[in-house]
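Have a look at the structure below, then the notes.
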Amino acid sequence: QVQVVESGGGLVQAGGSLRLSCAASGPFSTMGWFRQTPGKEREFVAAIRWGGGVTFYADSVKGRFTISRDNAKNTVSLHMNSLKPEDTAVYYCAAKTFPTGAYDIWGQGAQVTVSS
């Protein structure tokens, strides 16, 4: 079964750093990270195209978060620096099976909590 599984996250003070990892069961055209807080819609955080490694970021995390991939291990990581309380959310790894399609594979989510 095709799937992605997140790991990492946790609790950190404002200004600190955390890393999220996502292990994929197979290669995907694009992998990304989204986040969601209670009562709000899920929002895009970052994405990376498997071929070429082109990256995309939400304005709210640009310059603080870095998405990277390990081709050999089929994993994608999200390095989060200078964390703010407003970054607190459940972070979801997602993958696109087809380049022009929607994100159709989703992980179970990982909690990130940033204390002030």
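Quick rundown of the values:
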quantity: Potential extension, TRP106-ASP70 segment - 0.36 nm per residue separation minus Cα distance; calculated: 11.1 nm
quantity: Cβ-based net charge around PHE34, under 9 Å, with every Lys or Arg adding one and every Asp or Glu removing one; calculated: +1
quantity: 18 Å Cα-Cα reach of LYS73 towards aspartates and glutamates, excluding residues that sit fewer than 8 places from it in its own chain; calculated: GLU6
quantity: Net charge contributed by nearby residues that have their C-beta within less than 14 Å of GLY63 (K/R +1, D/E -1); calculated: +1
quantity: Listed peptides 29-40, 95-106 by packing density, highest first (mean Cβ within 10 Å); calculated: 29-40, 95-106
quantity: Long-range HN-HN contacts of THR88 with modeled amide H, under 5 Å; calculated: VAL114
quantity: Qualifying aspartates and glutamates (Cα of each under 12 Å from Cα of LYS96; at least 8 residues distant if same chain); calculated: ASP104
quantity: Whole-percent carbon and sulfur share, accessible surface of the chain, 1.4 Å; calculated: 51
quantity: Hydrodynamic radius (Kirkwood) for the chain, which is based on Cα pairs only, to one decimal in Å; calculated: 14.0
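The values are calculated or read from the model by the stated rules, or taken from the named source; none is laboratory data. Just so you know, these numbers come straight off a predicted model, no measurement behind them. Positions of Cβ are backbone-derived with ideal geometry, glycine not excepted, and every protein chain shown enters the neighbour counts. Accessible surface is based on the protein model in full, side chains and every heavy atom, while ligands, DNA and RNA are left aside. Shrake-Rupley method; radii C 1.70, N 1.55, O 1.52, S 1.80 Å.
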